[in-house]
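J.: I am attaching a structure below and will ask some questions about it afterwards.
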Amino acid sequence: MSEKQGQSSWQPETNLVHGGTWRSSLGETSEALFLTQGFVYDSAESAEARFKSEEEGFIYSRYGNPTVQMFEQRMCMLEGAEDARATASGMAAVSSAIGCQLQQGDHILSAKALFGSCRFIVEKLMPSYGVECTLVDGKDLAAWKAAIRPNTKVFFLETPTNPTMELCDLEAIADLAHESGARLVVDNVFATPMLQRPLELGADVVVYSATKHIDGQGRCLGGIVLSSKEWIDENLHDYFRHTGPSLSPFNAWVLLKGLETLPLRIRQQTETATRIANFLSEHKSVRRVIYPGHPSHPQYELATRQMKGGSTLVSFELDGGKSEAFAFENALGIIGISNNLGDAKSLVTHPATTTHKNLSQKDRDELGISAGLIRLSLGLENSDDLMIDIDQSLAKAFA
Ligand SMILES: *Cc1c(COP(=O)(O)O)cnc(C)c1O
């Protein structure tokens with residue numbers, strides 16, 4: 001194998017094509033797919049040395065695999081992280097990042113507005129293991145501060161949030177975490193690594209569902225946890241090896257290909273999202289558009305400070321309830337109804353009856369997830385076509 005490619009002096013676009021590539025002696029152009037569970041040693045002595053970590057090399061694909069490691073390295077270069085572990089799904093990344101560093105008696109402080117399964121991890125699963133949990137309004141710095149306890153070990157949040165696109169101030173919350181001796185874990189799925197860099201703003205650990213924009217073409221599940229080498233060695237390394245959330249080499253190979261086009265896709269999808277947000281903000285059947293890149297967003301100033309774009313998703317509230325929302329979705333011709341996001345295909349979802357149906361009405365009200373709320377993930381279609389599709393469907397829904 002040749003030396004791994006990629007340089008920290010290169011721009012992200014260049015490293016996303018070349019970074020981490022590890023060419024075999026055959027000189028293949030595309031990254032090699034090592035679809036193997038195990039590895040054969042030259043001798044019994046070599047096997048012993050590898051198990052003692054005295055010799056470099058792979059042992060078993062649950063611990064590490066060359067194709068998976070290429071994906072991890074390319075992600076590290078993009079994120080500015082020292083080390084990473086790729087996982088089988090985004091939830092495997094979130095549950096590992098949280099579970100590996102908490103013990104009975106610890107306290108986790110988390111924003112309320114979370115992806116449904118993330119909220120299950122912090123609100124239900126961790127407490128069942130004796131970890132206390134407090135949920136706060138992620139926008140409210142005073143609420144974070146007031147909820148800190150002597151045993152608070154982890155702060156957890158996502159920004160922008162799903163589906164109401166609210167922001168948490170990463171720099172300020174990282175400062176609060178560090179003052180109290182806790183660590184900040186950020187789920188950066190909605191912003192993508194192209195639009196927001198939490199480690200630079202003070203976060204300790206960043207997690208992704210690679211299922212979303214990183215694949216970006218609706219093919220496979222994946223995830224990744226990124227941090228310092230020290231944090232991974234001390235917290236995640238053993239947990240990961242022995243609990244086994246490892247990413248399949250095949251999926252790692254697909255995700256490597258996805259990374260090559262990530263900047264192009266995010267640029268185009270963000271441009272389309274901005275255009276659609278502007279269009280919706282002036283539409284008579286739309287009560288409210290929620291897009292961090294639109295000046296009407298209550299945290300627009302924070303968005304311009306911590307993000308390089310408004311994201312590829314737009315949420316909006318119809319001037320109506322569930323029946324208008326369903327009529328709108330059912331009238332769409334190009335945009336598909338799906339809870340997935342970040343895809344090349346534009347997708348729409350009605351959070352109150354799908355992704356957030358398990359929350360109580362009170363929790364949904366608190367988070368602003370009304371019966372008329374729609375979440376739209378913009379894809380790579382022509383934005384004129386999308387605008388016509390949305391306009392005609394709104395007309396039908398309110399006819
Ligand atoms: C999708 C998603 C996850 C979970 O990822 P999976 O790959 O579906 O396991 C976690 N957090 C956010 C914000 C997501 O959008």
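J.: Calculate the dipole size of the chain relative to its Cα centre from +1 charges on Lys and Arg beta carbons and -1 charges on Asp and Glu beta carbons; express the result in debye to the nearest 20. Spell out each step's value before the answer.
T.: Values: 36 positive and 50 negative charges, 189 e Å.
In debye, rounded to 20, the chain gives about 900.
J.: Can you give the accessible area of THR353, probe radius 1.4 Å, in Å² rounded to 10?
T.: Its heavy atoms expose roughly 50 Å² to the probe.
J.: Another question about this same structure. Ranked by accessible surface with a 1.4 Å probe, highest first, in what order do SER110, SER383, SER8 come? Spell out each step's value before the answer.
T.: Details: SER110 0, SER383 20, SER8 120 Å².
Order by accessible area, largest first: SER8, SER383, SER110.
J.: For region 267-322, what does the alpha-carbon gyration tensor say about shape, rounded, prolate or oblate, given a ≥ b ≥ c as the root eigenvalues, a/c under 1.5 as rounded, and a/b over b/c as prolate?
T.: On the way: a/c = 2.39, a/b = 1.61, b/c = 1.48.
Judged from the Cα gyration tensor, region 267-322 comes out prolate (a/c at least 1.5, a/b above b/c).
J.: Probe of 1.4 angstrom, ligands and nucleic acids ignored: what's the accessible area per residue over the chain, in square angstrom?
T.: Counting only protein heavy atoms, the per-residue value for the chain is 43 Å².
J.: When only DSSP loop residues count, what trypsin sites (Lys or Arg not before Pro) in region 153-232 have their Cβ near at most 15 other Cβ atoms within 10 Å?
T.: Listed in order of number, the matching sites are ARG219.
J.: In whole Hz, what ³J(HN,Hα) sequence does region 221-232 give by Karplus (6.51, -1.76, 1.60; θ = phi - 60°), x for Gly and Pro?
T.: In residue order, the calculated couplings are 8, x, x, 7, 10, 10, 6, 6, 5, 4, 5, 5 Hz.
J.: Please figure out what share of the DSSP beta bridges in the chain is antiparallel and state it in percent, rounded to the nearest 5. Mind showing how you got there, number by number?
T.: On the way: 23 of 42 bridges.
Counting only bridges with both partners in the chain, antiparallel ones make up about 55 percent.
J.: So what are the radius of gyration and Dmax for the Cα set of region 190-248, in Å?
T.: Cα only, region 190-248: 12.9, 35 Å (Rg, Dmax).
J.: So for the chain, what percent of the C-alpha to C-alpha distances run longer than 30 Å? Walk me through the intermediate numbers first.
T.: On the way: 32999 of 79401 pairs.
So the pairs more than 30 Å apart make up 42 percent of the total in the chain.
J.: Rg/Rh for region 235-279 to two decimals, with Rh computed the Kirkwood way over all alpha-carbon pairs. Write down the numbers at each step before the final one.
T.: Numbers: Rg = 17.3 Å, Rh = 13.5 Å.
Taking Rg over the Kirkwood Rh, I get 1.29.
J.: Bin by bin, in steps of 5 Å, what percent of the Cα pairs in region 263-397 do you find, going until the bin that has the longest distance?
T.: All Cα pairs, binned at 5 Å, distribute as 2, 11, 20, 24, 21, 14, 6, 1, 0 percent.
J.: Report, by chain and number, residues whose modeled amide H sits under 5 Å from the one on LEU184, excluding near sequence neighbours (fewer than 5 apart, same chain).
T.: PHE155, ASP204, VAL205
J.: Next up: As a test of reading the structure, rank ILE337, ILE276 by solvent-accessible area (1.4 Å probe, protein chains only), most first.
T.: Working: ILE337 100, ILE276 0 Å².
Largest accessible area first, the list is ILE337, ILE276.
J.: Quick one: with all protein chains in place, what share of the accessible area of region 12-258 is carbon or sulfur, to the nearest percent (1.4 Å probe)? Could you put the intermediate results ahead of the total?
T.: Working: 5010 of 9900 Å².
After summing per-atom areas, the C and S share lands at 51 percent.
J.: Just to be sure I follow the rule: in region 12-258, considering lysines 8 or more places apart or on different chains, how many pairs have Cα atoms under 14 Å apart? Could the numbers behind the result be given before it?
T.: Values: LYS112/LYS124; LYS112/LYS139; LYS145/LYS153; LYS212/LYS257.
Lysine pairs, 8 or more places apart or on different chains, close enough: 4.
J.: Counting only C-alpha contacts under 8 Å and six or more residues apart, can you give the relative contact order of region 12-258 as a whole percent? List each step's numbers first, then the result.
T.: Details: 464 pairs, mean separation 61.4, N = 247.
Taking the mean separation of contacting Cα pairs over the length of region 12-258, I get 25 percent.
J.: Here is a follow-up. As a test of the formula, what do you get for the chain when each DSSP H run with n ≥ 4 contributes -39,500 (n - 2.57) and the sum is divided by the residue count, at 222 nm and rounded to the nearest 500 deg cm²/dmol? If you can, show how the numbers build up before the last one.
T.: Details: 14 runs with 144 residues, N = 399.
Mean residue ellipticity, 222 nm, calculated: -10500 deg cm²/dmol.
J.: Could you grab the relative contact order for region 263-397? Cα pairs under 8 Å, six or more apart, rounded to a whole percent.
T.: Working: 229 pairs, mean separation 38.4, N = 135.
Rounded, it is 28 percent for region 263-397.
The values are calculated or read from the model by the stated rules, or taken from the named source; none is laboratory data. Because the structure is a prediction, the values reported are computed rather than measured. FYI the Cβ positions are ideal-geometry reconstructions off the backbone, even for glycines, and counts take in every protein chain you see. Surface accessibility is based on the protein's heavy atoms, side chains included, excluding ligands, DNA and RNA. Shrake-Rupley method; radii C 1.70, N 1.55, O 1.52, S 1.80 Å.
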